[in-house]
Amino acid sequence: MSKKTILTSALLLTSLNAFTPNISLNTDMSYATKNIANSEFGHLEIPAIIHGLGGHSHGGEEASAMNEDGFNLNYVELGLSADVDQLFSLTSFFHISEESIAVEEAFFTTNKLGFNTKLKGGKFRSSFGRINEKHHHTYDFAEIPLVYHGFLGSEGLIEKGLQLQKTFDLPQYLMAGVEVFAGENENSFGTGNIQAVNAEEDDIAVKGNDSPNLIVGYVKTAYDLSEDTTILGGLSVASGEHRIDHLEDEHPHALSGDTTIVGIDLSMKKYFDSYSYLSFESEILYRELDGKKYEYADAAQDSFASADLNKKQAGFYANLVYAFDKNYKIGARYEGFFKNEVNGIDKEDDLYKTSLMVEYAPSEFSKIRLQYNNNRALYNEDEERQNLHSFILQFNLSIGAHAAHAY
Amino acid sequence: MKKLLILAILSSLAFAKLNVVVTYPYIADLVDNITGDKVNIKVLATGDRDPHHIVPKPSLILKLLKADILISNGASLETAWLEPLVTNAGNSKINKNSNGFLDLSQNIKLIEKPVNITRANGDVHAEGNPHFVLDPYNIKPLTLAILARLKTLDPKNSDLFVDNATSFISSFEKKIKVYESKMSKTKYKSIIQYHPSFNYFLKRFGIKNVANIEPLPGVTPSSKYILKLISIIKEKNIKLILQDVYHKKDTAEFLSKKTGIKIASTPHDLYGNITSIEKLFDTIVRNFE
């Protein structure tokens with residue numbers, strides 16, 4: 001190669017580098033051990049809230065995999081982002097498991113509309129509540145809170161649609177947003193037809209609903225008690241129709257009707273210096289599903305019998321985390337469900353889980369966490385409560401672009 | 001009536017002050033030297049905290065809502081906290097590509113640009129060392145960069161800004177002479193610091209930075225590494241630790257107990273009684289007396 005060619009290719013490389021999007025890769029691995037075997041664990045359920053934590057799942061593999069005995073590769077998250085042009089920036093995250101790759105998020109953002117607004121569109125994490133828009137690797141505990149897992153799935157509410165958000169020019173922080181979504185979430189919404197497996201092709205019991213099927217609204221505020229202490233509060237509502245299809249289950253059934261989820265969050269964070277802080281985060285979610293439940297009329301599985309179904313359920317979580325410095329953190333979480341009413345009858349509502357964790361972060365890009373869980377919310381198929389004790393040793397490592405921290 | 005209204009709007013526009021938001025207190029002082037009371041200045045960070053890790057609390061978004069210009073240090077010093085605040089403020093005036101955003105690092109020749117960029121060497125900045133404000137000779141180009149931009153955004157005050165900047169630069173040049181004379185007499189020709197925060201200052205005045213208390217940028221020292229520091233201090237007869245104001249002092253205190261080395265708490269930015277750039281350099285220089 002001549003000197004000139006080398007120089008040209010070097011220049012080309014530099015200009016290519018300048019336009020290469022920010023690339024980041026996050027890998028989450030764990031070793032878990034528990035007092036209930038994997039085979040049994042897959043059949044456990046939280047009555048009337050989650051069927052089967054293992055085998056049967058609605059995109060729930062991630063959280064349950066984390067609980068599988070032995071070594072787990074929980075996920076690999078690939079992030080690509082850059083400014084598209086003077087108007088848009090584009091952010092995408094690919095969720096990679098051992099067998100497959102999925103577009104977890106791909107959305108544009110623009111703040112060119114003025115009036116202190118931000119517009120977002122594509123597939124993205126809803127800003128419902130406090131924890132929903134956070135990525136798994138930024139959680140203080142290994143798993144998403146039970147109430148989110150129960151109402152929105154182990155990944156939370158990630159949907160296709162649009163978001164418009166505005167921050168108001170007031171003495172205190174006040175932000176409000178509206179989201180319009182397809183509403184495909186399999187735990188509380190859903191858009192598909194409900195049709196018996198052996199029914200005629202055009203014999204659809206319940207027609208699917210049109211997109212957009214889900215509207216989310218939220219208001220968030222923050223108040224600085226002092227330079228270093230802030231209280232945050234929020235109110236969120238998600239409302240849409242549901243089509244929940246469990247016809248492939250051991251006990252086939254399907255639901256259709258309306259769902260409303262209301263969330264209230266309250267958090268407080270106090271910093272002692274640049275690195276040490278005490279944080280309290282809590283959310284309460286209330287869900288009402290109102291509609292009909294369909295079960296096969298007979299063994300032919302070609303027609304349904306339906307009955308009214310109304311579920312009123314509520315759950316919560318509360319996290320307390322103390323960071324000693326930039327390397328060490330400890331935390332405790334208490335969570336569960338305190339209301340579980342089906343057709344006016346109270347079902348099991350004494351469903352609680354306690355977690356304790358200690359975390360060591362050698363740098364900003366790696367962390368090692370040991371977590372203990374005691375889950376008393378799980379029941380086996382004979383409706384007997386199972387007392388789950390588990391330990392998770394988790395490794396989370398990031399390379400590439402350095403993402404900014406969320407508050 | 002209509003004419004009156006237009007007149008009222010025009011005059012309110014004419015009297016509306018430019019809203020300047022800056023990331024760090026030292027930038028606020030540079031702006032203040034140029035503008036006096038002709039603009040509103042808001043600061044996001046406080047000067048007593050780690051500038052890499054400013055807590056992005058929501059109230060900082062409020063400060064950005066009506067900003068006409070955002071002036072940042074740049075060179076990735078704000079990477080961990082600034083961008084989400086700007087995005088959420090929904091104020092396109094201060095977007096990266098607009099005239100209302102100024103990255104000061106673009107006007108400075110950065111030192112210590114890493115040849116090999118790997119995080120095995122800690123949380124390195126690809127652009128070079130971002131703590132350039134601590135070279136007093138950088139104050140002039142920084143002032144001129146801010147002046148140039150403010151002139152375009154607030155042309156009616158541009159003559160005043162030029163006068164203010166000129167008189168600040170000339171008075172600061174006199175201060176530099178004082179610093180040079182004092183630093184030439186210092187007995188601390190070699191020092192240890194916690195993080196490479198003061199390298200621009202040290203380089204300017206020919207002071208040797210023998211070691212950092214953190215083994216790599218952003219990495220907490222291990223006990224083994226601290227023992228190594230003790231032997232370096234003894235071997236090379238080092239007499240001064242520049243301890244920044246935001247890292248824990250316990251390692252420095254341990255080193256001092258073991259070797260008798262002096263600890264000088266050294267600010268990197270304005271806070272408390274350090275209310276101006278001059279006072280910032282006065283304090284640092286005093287630590288070398």
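The numbers here are math on the coordinates, done by the rules we state, and not lab data. Here the structure is a predicted model, which is why all the values come from computation and not from measurement. Cβ atoms come from the backbone with ideal geometry, glycine included; neighbour counts cover every protein chain shown.
Tabulated data
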{"item": "Residue among B:L147, B:I274, B:L82 farthest towards the positive dipole end of chain B, charges placed on Cβ", "result": "B:I274"}
{"item": "About the Cα centre, charge dipole magnitude for the protein assembly as shown (Lys/Arg +1, Asp/Glu -1 at Cβ), debye", "result": "6020 debye"}
{"item": "Residues of type lysines that B:K57 reaches as a straight line, Cα spacing below 19 Å, ignoring anything fewer than 8 places off in the same chain", "result": "A:K118, A:K134, A:K166, A:K220, A:K269, A:K270, A:K326, B:K42, B:K66"}
{"item": "Given charges at beta-carbon only (K, R positive; D, E negative), |dipole| of chain B in Debye", "result": "480 debye"}
{"item": "Beta bridges per DSSP with both ends in chain B, % antiparallel, nearest 5", "result": "5 percent"}
{"item": "Dipole-positive endmost among B:S184, B:I226, B:N212 within the range B:175-275 (Cβ charges, Cα centre)", "result": "B:S184"}
{"item": "Dipole in debye (nearest 20) - the range A:109-390, about Cα centre, beta carbon charges: Lys, Arg +1; Asp, Glu -1", "result": "1620 debye"}
{"item": "Global form of chain B, assessed from the alpha-carbon gyration tensor, a/c cut-off 1.5", "result": "prolate"}
{"item": "Stretch gain in nm, segment A:L225-A:N198, where the contour uses 0.36 nm per residue and the Cα spacing is subtracted", "result": "3.5 nm"}
{"item": "Among the listed pairs A:K293/A:K339; B:K140/B:K174; B:K187/B:K248; A:K367/B:K248; A:K329/A:K353; B:K224/B:K248, those beyond 23 Å (Cα-Cα)", "result": "B:K187/B:K248"}
{"item": "Table column - 3J(HN,Hα) (Hz), the range B:228-245, Karplus curve with 6.51, -1.76, 1.60, x for Gly and Pro", "result": "4, 4, 4, 5, 5, 4, 5, 4, 9, 6, 7, 10, 9, 10, 8, 9, 5, 8"}
{"item": "Rounded tilt (10° steps) of B:277-286 against the dominant C-alpha axis of chain B", "result": "10 degrees"}
{"item": "Sites A:V342 and A:E40 - FRET efficiency at Förster radius 30 Å, r taken between beta-carbons, to 0.05", "result": "0.75"}
{"item": "For q = 0.19, 0.21, 0.25 Å⁻¹, Debye-computed log10 I/I(0) when each Cα of the range A:220-295 counts as one equal scatterer", "result": "-0.81, -0.91, -1.07"}
{"item": "Beta bridges per DSSP with both ends in the range B:169-289, % antiparallel, nearest 5", "result": "10 percent"}
{"item": "Cβ-based charge dipole, chain A, positive-most Cα from A:Y31, A:T138, A:Q371", "result": "A:T138"}
{"item": "Degrees between helix B:250-259 axis and first principal axis of chain B (Cα, 0 to 90, nearest 10)", "result": "30 degrees"}
{"item": "The range A:208-269, relative contact order [Cα under 8 Å, separation at least 6], %", "result": "34 percent"}
{"item": "HN-Hα J in Hz across the range A:97-107 - Karplus 6.51, -1.76, 1.60, θ = phi - 60°, x for Gly and Pro", "result": "10, 4, 9, 8, 10, 9, 7, 6, 9, 7, 8"}
{"item": "For the range A:163-171, Karplus couplings with θ = phi - 60° (6.51, -1.76, 1.60), whole Hz, Gly/Pro x", "result": "9, 10, 9, 9, 9, 8, 7, 10, x"}
{"item": "Helix A:3-19 vs. chain A, principal-axis angle (Cα, 0 to 90°, nearest 10)", "result": "50 degrees"}
